[in-house]
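Data block below; observations after.
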Amino acid sequence: MSTLCVWLLTLLLAPLTTGDRVRITEVARLVHQLGDSLWPGQAGIPVRVLLLRDSAEVLVGHDAQGQDFVATGDSLLGHQIWTRPGHLPPAMVATFPIEGVPTIVVGTPEHTGMSSTRWVLTLLHEHFHQWQYSQTWYYPGVARLGLTGGDSTGMWMLNYPFPYDSLPVGLAVRRLALALRGALDPQSKSGLEPVLRARDALRRELSAADYRYLEFQLWQEGVARYVEYRAANAVYSPASDGHPVDGDSEKNTKRRKHNSAIAVSAFSEP
């Protein structure tokens, strides 16, 4: 029997492990249960996952149209499960179009080095990207930023030459973080004025393009992280009725929630 036949037979018999099914189902449940409370409209975007395994990729949550995918005869989330030979690095965590539809592309917890709980929360983060990329205004809005430098692959978002090593920029960012921390302290009476002053000071240290990039990333990644942490606080905190897939400490959950609030506050215009 050829290697291709062995691969196909294996995937048709067991395209997903029990653990895979539980985790993906949990992500879909949380999107349905919490989606619109995390971000308006998020619950309306179905979960679509391309799960990366050692030698195969498994598509869940959408019926494939291209010739690369083969139907397995199994189903999950109301759709058939499809598979194709592996093309992408199995440790990848990203969201981008597969067959023209925004899709979470992710390796298993074993390949990505995550616990099950961390993996589920990461997919909620990536699902917010699904929502972003599904909006009709997203790609025209990104183009209007004028930041691509001629790159059409989207890699400019990772490779943009932001002045991370600039001492004045670093100091301005720290002052903004401290101002935000003070504004978020329930015992503080400073209000938002120190935050607005610190943000304006940071803006003066950046070029117009760099500041647009900062705001874009705070919207794209900062809000996605906020959604992730808000879900963690809602579902996996001691006060909730939810139960984590495995242990996540209360201390880490609170730290993530605090950091996400800083990111969202820094993004928000008065």
Got a number for residues in the stretch 101-112 being at pLDDT below 95 and surrounded by 21 or more Cβ atoms within 10 Å (Cβ to Cβ)?
0
Would you tally the residues in the stretch 47-100 being under 16 Å from the mean Cα position of the chain (by Cα) and surrounded by fewer than 20 Cβ atoms within 10 Å (Cβ to Cβ)?
6
Residue under question is A231, and the condition is that it be on the phi < 0 side of the Ramachandran plot, surrounded by 16 or more Cβ atoms within 10 Å (Cβ to Cβ) and free of Cβ contacts under 8 Å to residues at least 24 places away in the same chain; does it hold?
no
Look at G35 and say whether it is among the small types (G, A, S), assigned by TED's automatic domain parsing to the domain that holds H129, crowded, with 21+ Cβ neighbours inside 10 Å and under 17 Å from S134 (Cβ atoms).
yes
Go through the stretch 73-98 and count every residue that is within 18 Å of V22 (Cα to Cα) and part of a strand (DSSP E or B).
7
In the stretch 150-175, the residues that are in a loop (DSSP other than H, G, I, E, B) and not small (G, A, S):
D151, T153, M155, Y160, P161, F162, P163, Y164, D165
Out of the residues in the stretch 159-196 meeting the condition of being under 22 Å from E221 (Cα atoms) and among the hydroxyl-bearing types (S, T, Y), tell me which one is surrounded by the most Cβ atoms within 10 Å (Cβ to Cβ).
Y160
If you go through the stretch 99-149, how many residues are of a type in the set (G, A, S) and outside any helix (DSSP H, G or I)?
6
Mind checking which residues of the stretch 175-195 are more than 25 Å from the chain's Cα centre (by Cα) and either at pLDDT 95 or above or under 29 Å from V93 (Cα atoms) (or both)?
R175
Conditions (1) under 19 Å from the mean Cα position of the chain (by Cα); (2) at pLDDT below 90: number failed by S240
(1)
If the requirement is being polar (S, T, N, Q) and over 26 Å from A231 (Cβ atoms), which of these qualifies: S190, S134?
S190
In the stretch 184-212, residues that are within 19 Å of F162 (Cα to Cα), hydrophobic (A, V, I, L, M, F, W, C) and outside any helix (DSSP H, G or I) total 1
Looking at W156, W131, W137, which is the one that is under 30 Å from L59 (Cβ atoms), surrounded by 13 or more Cβ atoms within 10 Å (Cβ to Cβ) and without any contact (Cβ under 8 Å) to a residue 60 or more places away in the chain?
W156
Result of the Cβ filter at 8 Å on the stretch 203-227, keeping first residues that are farther than 13 Å from L176 by Cβ and basic (K, R) and partners that are in a helix (DSSP H, G or I) and modelled with pLDDT of 95 or more, at least 6 apart or interchain, is R225/H125
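The values are calculated or read from the model by the stated rules, or taken from the named source; none is laboratory data. What you see is a predicted model; the values in this text were computed from it and never measured. Don't worry about glycine lacking a Cβ; one is built from the backbone with ideal geometry, like all the others, and counts go over all protein chains shown.
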